Amino acid sequence: MQAIEVHNLRKEFRVQKSREGLRGAVQDLFRREYTQVRAVKDISFQIPQGEICGYIGENGAGKSTTIKMLTGILVPSAGDIRVNGYIPHLEREKFVRGIGVVFGQRSQLWWDIGVIESFQLLKKVYRVSEADFRQRLNELVERLQLAELLARPVRKLSLGQRMRCELAASLLHNPKILFLDEPTIGLDIVVKTEIREFLKQMNQRYETTILLTTHDLQDIEALCSRVIMLDDGNIIYDGGLEELKSTWGKGKEVILQFTDAVTMNRLHELTQGLEVQWTLDNDRSAKVWIPQEKANVSEVLSRIVGVMSIEDIKIVETNTDDIVREIYKSGSAEVKSEQEAGQQGVKVHA
């Protein structure tokens, strides 16, 4: 079953053009000129029930605009949307009962009242029964460690505490789909790790579908099996995270610590015929760069391990941050043809 279905989705905004100088400002008072800006350009995708999908892109790529259309905040200019079988902006009352939303820079909690009072107001908004509310609240308080926070006004919470409460607020009515827009922005690593673990547990227990937009690609690596990448309103990649790494990863670096002294000539001799690059840190430590599709780690190590005494080995892959940065910088998302990508189980959109 598809939790989210998007077909040829488009969003255009009418933006005023400002003329330069004092004369232009006066003209703008009497006769304004407008231009059409297309923020989302006829995109299509489907997300099945229970999947955690990362929705990533640079600032201005159209991520938040898409989320706002999927949650019914914005009306699409064209295209079709179905979320839990509903059209978000047309079937608003029924639709919102099945979704939860967390915007990292906006709060759904009331600033000057206690957290528990905000939860009780949300219970009425979503028409949750008292029994279901108590059961759900007890579970969320335990899992997110909120017991000491319930009586505090929201304005007295730290950012990490508030985000834990925001997550609880979005899940009080047990939604089938959770939309997260920058949920870990500004949080320290400890709180980020706690939130990631909580989201994984909720997904596994309730099969909650999660659509996550973030600039922190560690969130993506920790949570998502699939990534949709947006650039200038277009989808340029839709596939698995591991396929993304294998398709655009440049290679791997292996760091070796030797028991005895080693020379560069000896290392080159042992890996002769392989397209690898060695760097000698000192006489007992060396790094070898293994380019993607030129050689593999097991072949390089098999030539070294059987001949030389090794104390330690560390394999370093190109991280997701570097890969995504390279895609946006060099346009390498178009390097692989549709046919080539299809053989690797990935979908690439030019």
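The values are calculated or read from the model by the stated rules, or taken from the named source; none is laboratory data. This structure is a prediction, so every number in the text was calculated from the model and none was measured. Don't worry about glycine lacking a Cβ; one is built from the backbone with ideal geometry, like all the others, and counts go over all protein chains shown. Heads up: the accessible areas ignore ligands, DNA and RNA and are worked out on the full protein's heavy atoms, side chains in. Shrake-Rupley method; radii C 1.70, N 1.55, O 1.52, S 1.80 Å.
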Original post:
Say a site is exposed when it is one of the GluC sites (Glu not before Pro), sits in a DSSP loop, and has at most 16 other Cβ atoms within 10 Å; what is then the longest site-free stretch of the chain?
Top reply: 208-274
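Between Gln292 and Gln49, what is the FRET efficiency for a Förster distance of 35 Å, r being their Cβ-Cβ separation, to the nearest 0.05?
Details: r = 34 Å, r/R0 = 0.98.
Efficiency at R0 = 35 Å is approximately 0.55.
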Subject >> Candidates Leu144, Leu167, Leu22, ranked by Gaussian network fluctuation over the chain, Cα under 10 Å, top entry >> reply: Leu22
Original post:
Where the Cα atoms of region 67-175 are projected onto their three principal axes, how long is each span, largest first, in whole Å?
Top reply: 46, 31, 22
Subject >> Lys314 versus Ile87: modelled label distance in nm, points set 7 Å from Cα along the beta carbon direction >> reply: 5.7
Original post:
GNM, the chain, Cα, under 10 Å: largest mean-square fluctuation among Arg162, Arg303, Arg82?
Top reply: Arg303
Subject >> Rough spin-label spacing in nm, given labels placed 7 Å along Cα→Cβ, for Glu130 and Ile255 >> reply: 6.0
**OP:** Obtain the nm distance between the two label points defined at Ser225 and Arg205 by a simple spin-label model: each point lies 7 Å from its Cα along the Cα-to-C-beta direction.
**Re:** 2.0
Subject >> Whole-angstrom gap from region 169-223 to region 143-161, using each part's C-alpha centre >> reply: 18
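For Asn138 and Leu280, what does the FRET efficiency come to when R0 = 45 Å and r is the distance between their Cβ atoms, rounded to the nearest 0.05? The partial results should precede the final answer.
Values: r = 60 Å, r/R0 = 1.32.
Given R0 = 45 Å and the Cβ-Cβ separation, E is 0.15.
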Original post:
Of Lys41/Lys68; Lys41/Lys192; Lys245/Lys287; Lys124/Lys176; Lys17/Lys41, which ones are farther than 23 Å apart at the Cα?
Top reply: Lys41/Lys192
Original post:
Hey, can you rank 120-129, 67-76 by average C-beta count inside 10 Å, highest first?
Top reply: 67-76, 120-129
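Give the relative contact order (percent, whole number) for the chain; include only Cα pairs under 8 Å separated by 6+ residues. Spell out each step's value before the answer.
Working: 609 pairs, mean separation 60.3, N = 350.
Once normalised by length, the contact order is 17 percent.
What value, in deg cm²/dmol to 500, does the helix sum -39500 (n - 2.57) over DSSP H runs of n ≥ 4 give at 222 nm once divided by the residues of the chain?
-10500 deg cm²/dmol
Could you tell me what percent of the accessible area of region 44-158 is made up of carbon and sulfur, with a 1.4 Å probe and every protein chain present? Can you show the working numbers first?
Numbers: 2780 of 5880 Å².
Using a 1.4 Å probe with all protein chains present, region 44-158 comes out at 47 percent carbon and sulfur.
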Original post:
In the set (1) 136; (2) 147; (3) 222, which value of volume of the Cα convex hull per residue in Å³ was calculated from the structure you see?
Top reply: (3)
Original post:
Where only protein heavy atoms count, and the probe is 1.4 Å, what is the accessible area per residue for region 156-249 in Å²?
Top reply: 34
